[in-house]
Amino acid sequence: MIRERGTVVAVEPGRVLVETAPAGACGSCGARPGCGHHLLGRSLAGATRIPVAVPPDFPSPLSPGDRVVIGVAEDLLVKSALTLYGVPLLGGLLGAAGGHLALASEGWAALFALVGFAAGAWAARRVAARLALNPAARPVLLAE
C-alpha cells in the first residue's frame, strides 16, 4: 500500500475530502533559485483534493484540519500508469506501423500515428472512467 499524508478539508456523511500537497523533487538543492526544474514544478504543482470514504469502524471522528493518512494499492497504481501512458503509446505505434505498411509513406504513417494515439487516449479515458466506478480502486483512510 502506498501511503500519503493529507489534511481533511471537508467532512460529509460517510466520507471526507482530503487535500494532499505534492512533494518537491529537489527541495534542498543549492541551485534552486536558478533551476528550471524547480520553477516548472512550482508553477505546475498544486494541492489535490481527494474524496475518501470513512470506514464505519474508524477510531475517531474527523474534523477539518485533522492530519490523516490515505492509502492506494500498489497494483492499482501500476495498472493506472500503464493505462494512462501505455495504451495511447501502443495506439500511436500500431497506427504508425499500419499506416506505413498500408500506404508505404512517412506522411501517412505520421497521420496514422496521430490517429492511433488519439484512439488510444480515448480508450485510456474510457478504462479510467470505468476504473473510477470500482470501489476497490479508491483510496482508503488508514489509521496511523
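Key figures for this structure:
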item: Helices (runs of 4 or more DSSP H) completely within region 31-144 that count 2 or more residues being modelled with pLDDT of 85 or more and over 23 Å from residue 13 (Cβ atoms); result: 74-81, 87-103, 106-132
item: Count of residues meeting criterion [in contact with a Lys or Arg (Cβ under 9 Å, 6 or more places away or on another chain) and among the β-branched types (Val, Ile, Thr)] in region 51-97; result: 6
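The values are calculated or read from the model by the stated rules, or taken from the named source; none is laboratory data. The model shown is predicted, which means the values in this text are computed figures rather than measured ones. Heads up, the Cβs are rebuilt from the backbone with ideal geometry, glycines too, and the neighbour counts pull from every protein chain shown.
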